[in-house]
Amino acid sequence: MDRRQALKKMIVTAAAIVFYRLLAVEGKAQAGPAPSPPPRKVDKKTAHYQDRPLDGKMCMNCRYFVPPEGMSSMMDNMRQGMGGMNGMNGSGSMGRMMAGECTVVAGPISPMGYCRFYQEIR
């Protein structure tokens, strides 16, 4: 390969890399930045946490909810079948028996709970 061919390949390769990076940056801009939780967990009062859903929104469907160990498949099944349970009062034992964690709110979190940091899983 002579110098001219090598230079052409280098230019094409550099242009491809720049084009790829521009596409990657543009794709991120369209999707929007993923919201990040606060650097440390907040207390339930600050989060306006409640042990019951709000308008069908509940922790089990939130991106920040961490189900208890071994319960993730059960949580997936529940997510599919509990869309209309926003009338539960949270006093039932189900939410307390399966309490998980949250990456934003401190303390045990009911899968049926809700707080102001709710972000639906997409």
Any idea which residue in the range 97-115 is nearest to LYS45 (Cα to Cα), counting only those that are of a type outside the set (A, V, I, L, M, F, W, C), part of a loop (DSSP other than H, G, I, E, B) and out of contact with any Cys (no Cβ under 7 Å at 6 or more places or on another chain)? GLY107
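Within the group VAL18, VAL25, VAL105, which residue is out of contact with any Leu (no Cβ under 7 Å at 6 or more places or on another chain) and modelled with pLDDT of 75 or more?
Step by step, each of VAL18, VAL25, VAL105 is checked, and only VAL105 is out of contact with any Leu (no Cβ under 7 Å at 6 or more places or on another chain) and modelled with pLDDT of 75 or more.
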Of the residues that make up the range 5-14, is at least one surrounded by 10 or more Cβ atoms within 10 Å (Cβ to Cβ), part of a strand (DSSP E or B) and at pLDDT 60 or above? no
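The values are calculated or read from the model by the stated rules, or taken from the named source; none is laboratory data. If you're wondering where the values come from, they're calculated on a predicted model, not measured in any experiment. Positions of Cβ are generated from backbone atoms using ideal geometry, with glycine treated the same way; all protein chains shown enter the neighbour counts.
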